[in-house]
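Asks: One structure coming up, written as structure tokens, with questions to follow.
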Amino acid sequence: MHEGLTATQECPFPLPRDSRRPLDLPPEYARFRRDQPVRKVTTPSGDVAWLVSRYEDVRAVLSDPRFSAEVANPGYPRYLFPVDPQPGAFVTVDPPEHTRYRRMIMSHFTKKQAEAMRPRIQELVDERVDRLLAGPRPVDLVTAFARPVPLTVVCELLGVPYRDRVAFGRWINTLVETSTTQARRDAAAGALFRYMHKLVADKERDPTDDVLGRLTGNQMRNGEIGHDEVVVTGMMLLSAGYDTTASSIALTTLALLEHPEEFARLQEDTDELIVGAVEELLRYQNVMQCGVGRVATEDTELCGQRISAGEGLIVLLSSADRDENVYEEADRLDITRAGSTPLAFGHGIHSCIAKFLSRVELQVALGTLARRIPTLKLAGRVEELKFRDTAIVYSLRELPVTW
């Protein structure tokens, strides 16, 4: 419908998916990559930005310091509403502040630390599968499996007491659900922030051996970070470690169920196969459907298009991961595909801090489902499923399955 537009004409963003094929991207994205790889779009908030859709261009923007992640910079593209920059929100600032915050917590999110958590993640996944097998059918895999596993992992990592996890999860789910009223989201945000403030205060008095406990017991005590900064950092880590991982588990499970031959392959359960399969699934179903925002800090050129200082950009990760110039038969899922290097977790210095942990969670979750419930299947038709299709993070609201 937008095929005749030039790169300087605006089109709405994001474009809707076909409800009959919800795992496919809007077909216009392929035309953008071919004909208009850098073109203007208008976000739901009314901001105009340059949409970058090709893989190599997306990587170039994310690794170029001339394109700032600082949301306070004029011209930074808003998606639904303005982003209020807060101290501690390390994903919304550039170096040196970004470097300072990230350095304080990076040791908790290394590949080695993620691997060290694999046995605990396996235990949590097995517990959930035990409940699935013992319970009624059909069951909603989102509420019974995809959400509880990463929620428990991130709560244990941050140091949220077990008794508080149900309320904690309810507040977060309300915040990310786009069909929720603004009043309910505001109430959930207020409750969550009050809780986090109290949790950090408790850890100031009695430091614990977890991310928030070490921040308060070490960096806060040394004057490197303040109370409010720890609270906001905790909120950022929640976002990195919970919603995107839960959404990825749900969407990649659906992708496998829609490709039963690939699900059958996964039942071979070899370490090498599951690692490659997760990379391919992340490429095939990149949940960051609205991409990542940046703003140019100086005049530059991208793919032959002049970008002026102060103009916003949206790098479309999902489109980049389906780029036919990088991946042969890019719209086909092949869990044995060699060389998948998805942009699901971004690229460059702002790549997702929880990327190694999320990968381990996906490897354990998907591998265990394939091994222990090999007859798992969708209970109904894919056209009947409901998606969070206006959210920044694309996800399923529910995934009814049986076996």
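The values are calculated or read from the model by the stated rules, or taken from the named source; none is laboratory data. For clarity, every value in this text was computed on a predicted model and none was experimentally measured. Counting neighbours? That spans all protein chains shown, and the Cβs are built from the backbone with ideal geometry, glycine included. Each accessible area value is taken on the protein alone, full model and side chains, heavy atoms only, with ligands, DNA and RNA left out. Shrake-Rupley method; radii C 1.70, N 1.55, O 1.52, S 1.80 Å.
Asks: Inside the range 180-193, can you point out the residues that are over 17 Å from T216 (Cβ atoms), open to solvent by 60 Å² or more (accessible area, probe 1.4 Å) and either in a helix (DSSP H, G or I) or in contact with a Lys or Arg (Cβ under 8 Å, 6 or more places away or on another chain) (or both)?
Replies: Result: Q182, A183, R184, D186, A187.
Asks: Answer yes or no as to whether A69 is closer than 30 Å to V382 by Cβ, of a type in the set (G, A, S) and either surrounded by 21 or more Cβ atoms within 10 Å (Cβ to Cβ) or under 22 Å from the mean Cα position of the chain (by Cα) (or both).
Replies: It is false that A69 is closer than 30 Å to V382 by Cβ, of a type in the set (G, A, S) and either surrounded by 21 or more Cβ atoms within 10 Å (Cβ to Cβ) or under 22 Å from the mean Cα position of the chain (by Cα) (or both).
Asks: Given the residues R31, R54, which is the only one that is in contact with a Pro (Cβ under 7 Å, 6 or more places away or on another chain) and open to solvent by 40 Å² or more (accessible area, probe 1.4 Å)?
Replies: Residue meeting the stated conditions: R54.
Asks: Here's a follow-up. So in the range 313-335, with the set limited to residues that are within 21 Å of L251 (Cα to Cα), touching a residue at least 40 places away in the same chain (Cβ under 8 Å) and not hydrophobic (A, V, I, L, M, F, W, C), which one is most open to solvent (accessible area, probe 1.4 Å)?
Replies: For the range 313-335, the residue satisfying everything is D331.
Asks: Right, another one. Given the criterion at pLDDT below 95, over 22 Å from the mean Cα position of the chain (by Cα), open to solvent by 20 Å² or more (accessible area, probe 1.4 Å) and aliphatic (A, V, I, L, M), identify the matching residue among A338, A379.
Replies: Only one candidate qualifies: A338.
Asks: Can you name the number of the only condition in (1) free of Cβ contacts under 8 Å to residues at least 40 places away in the same chain; (2) surrounded by fewer than 18 Cβ atoms within 10 Å (Cβ to Cβ); (3) farther than 30 Å from E224 by Cα that P85 fails?
Replies: Every listed condition holds for P85 apart from (3).
Asks: Can you go through E127, E123 and tell me which one is within 17 Å of L362 (Cβ to Cβ), open to solvent by 60 Å² or more (accessible area, probe 1.4 Å), among the acidic types (D, E) and in a helix (DSSP H, G or I)?
Replies: E123
Asks: Another question about this same structure. Just to be sure, is G276 more than 30 Å from E70 (Cα to Cα) and not in a loop (DSSP other than H, G, I, E, B)?
Replies: Yes.
Asks: Pull up the range 130-165, narrow it to residues that are without any contact (Cβ under 8 Å) to a residue 60 or more places away in the chain, over 21 Å from the mean Cα position of the chain (by Cα) and farther than 25 Å from R214 by Cα, then point me to the one that is most open to solvent (accessible area, probe 1.4 Å).
Replies: Looking at the filtered set, the residue picked out is R131.
Asks: Right, here's the next one. Please work out which residue is surrounded by the most Cβ atoms within 10 Å (Cβ to Cβ), limiting yourself to the range 101-120 and to residues that are free of Cβ contacts under 8 Å to residues at least 12 places away in the same chain and of a type in the set (K, R).
Replies: The selected residue is R103.
Asks: D202 - would you say it is of a type in the set (D, E) and free of Cβ contacts under 8 Å to residues at least 60 places away in the same chain?
Replies: yes
Asks: Looking at (1) surrounded by fewer than 18 Cβ atoms within 10 Å (Cβ to Cβ); (2) touching a Gly at 6+ places or on another chain (Cβ under 6 Å), which is the only condition P96 fails?
Replies: Going through (1) surrounded by fewer than 18 Cβ atoms within 10 Å (Cβ to Cβ); (2) touching a Gly at 6+ places or on another chain (Cβ under 6 Å) one by one, P96 breaks only (2).
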